[in-house]
Amino acid sequence: MAMTHPTDPDAGADVLAELLVHVGRSARGEDAEGSPLTAAQWTALRFFARANRRSRTPSAFASFQATTRGTASQTLKTLEARGLLERRKSDTDRRSVLFEPTEEGRALLRRDPLRHLMAALDTLSPGDRAALARLLPDLAAHLAGARGSPAIGTCANCNHYEARGENAYCACVGASLAPFEIGQLCASFTPQDTKAGPAGDASA
């Protein structure tokens, strides 16, 4: 029997899953000698640089990292102590704490190990990038649903998102969105193919 080549459209889910994991492992590079951050610390710094203003909380990061609040808090404390993240009170809920990358943190992100993967993605055709942009959020939502954890995604793939002419609106928070917010990560994300329910419920 002929072996299935990974680029074969009939490649099994096991092969595709292993390739996805391999790409992620190869791209991250946090374990390379001389890396200034651990894998969890890089993930946190990226998350708070790319999450929308309502999702920059310890609990949202814990969901994104698929870890406990305690473990996430330790990671954030380390980054804060190193001057890479800073905390502030939420403007809408004074009991909530939000984190923002500092100037030093944003400067470090310019050395992000994922920059090599970003460069590789730039070599894809617009059609292939569009396919990834359509498929990856669905994969992430299905995986979150299977694990019983909240999904995190961006506005364009969310049930709460409404395009109103040249404007954008989030029904979850009842507010208009600035153009730059549409592509940011959101902890209130609900996949478009789900019925109304809690964020991350991937049941049809």
> Counting only residues that are within 16 Å of Asp138 (Cβ to Cβ) and among the polar types (S, T, N, Q), which one in the stretch 152-204 is modelled with the lowest pLDDT?
Replying inline: Ser203
>> I'm checking my understanding of the structure. Among residues of the stretch 75-87 that are among the aliphatic types (A, V, I, L, M) and in contact (Cβ under 8 Å) with a residue 24 or more places away in the chain, which one is nearest to Phe48 (Cα to Cα)?
In response: Leu85
> If you take the residues in the stretch 7-16 that are within 17 Å of Leu132 (Cβ to Cβ) and surrounded by 12 or more Cβ atoms within 10 Å (Cβ to Cβ), which one is modelled with the lowest pLDDT?
Replying inline: Ala11
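Looking at the stretch 160-176, which of its residues are in a loop (DSSP other than H, G, I, E, B) and farther than 11 Å from Ser188 by Cβ?
Within the stretch 160-176, Gly165, Glu166, Gly174 meet the criteria.
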> Taking Ala72, is it touching a residue at least 12 places away in the same chain (Cβ under 8 Å), under 18 Å from Gln184 (Cβ atoms) and in a helix (DSSP H, G or I)?
Replying inline: no
>> Checking Thr78 against (1) under 28 Å from Thr190 (Cβ atoms); (2) at pLDDT 90 or above; (3) surrounded by 13 or more Cβ atoms within 10 Å (Cβ to Cβ): exactly one of these is not met. Which one?
In response: (1)
> If you go through the stretch 45-67 one residue at a time, do you hit one that is part of a loop (DSSP other than H, G, I, E, B), at pLDDT 90 or above and surrounded by fewer than 14 Cβ atoms within 10 Å (Cβ to Cβ)?
Replying inline: no
>> Condition first: surrounded by 14 or more Cβ atoms within 10 Å (Cβ to Cβ), free of Cβ contacts under 8 Å to residues at least 40 places away in the same chain and polar (S, T, N, Q). Now tell me which residues in the stretch 160-193 satisfy that.
In response: Thr190, Gln192
> If you take the residues in the stretch 24-65 that are touching a helix residue (DSSP H, G or I) at 6+ places or on another chain (Cβ under 7 Å) and of a type in the set (Gly, Ala, Ser), which one is farthest from Cys186 (Cα to Cα)?
Replying inline: Ala27
>> Name the residue that is surrounded by the most Cβ atoms within 10 Å (Cβ to Cβ), counting only residues in the stretch 102-159 that are assigned to a loop (DSSP other than H, G, I, E, B) and among the charged types (D, E, K, R).
In response: Asp112
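The values are calculated or read from the model by the stated rules, or taken from the named source; none is laboratory data. Just so we're clear, the structure is a prediction, and the values are computed from it rather than from any experiment. A quick note on method: Cβ atoms are made from the backbone with ideal geometry, for glycine too, and the neighbour counts reach across all protein chains shown.
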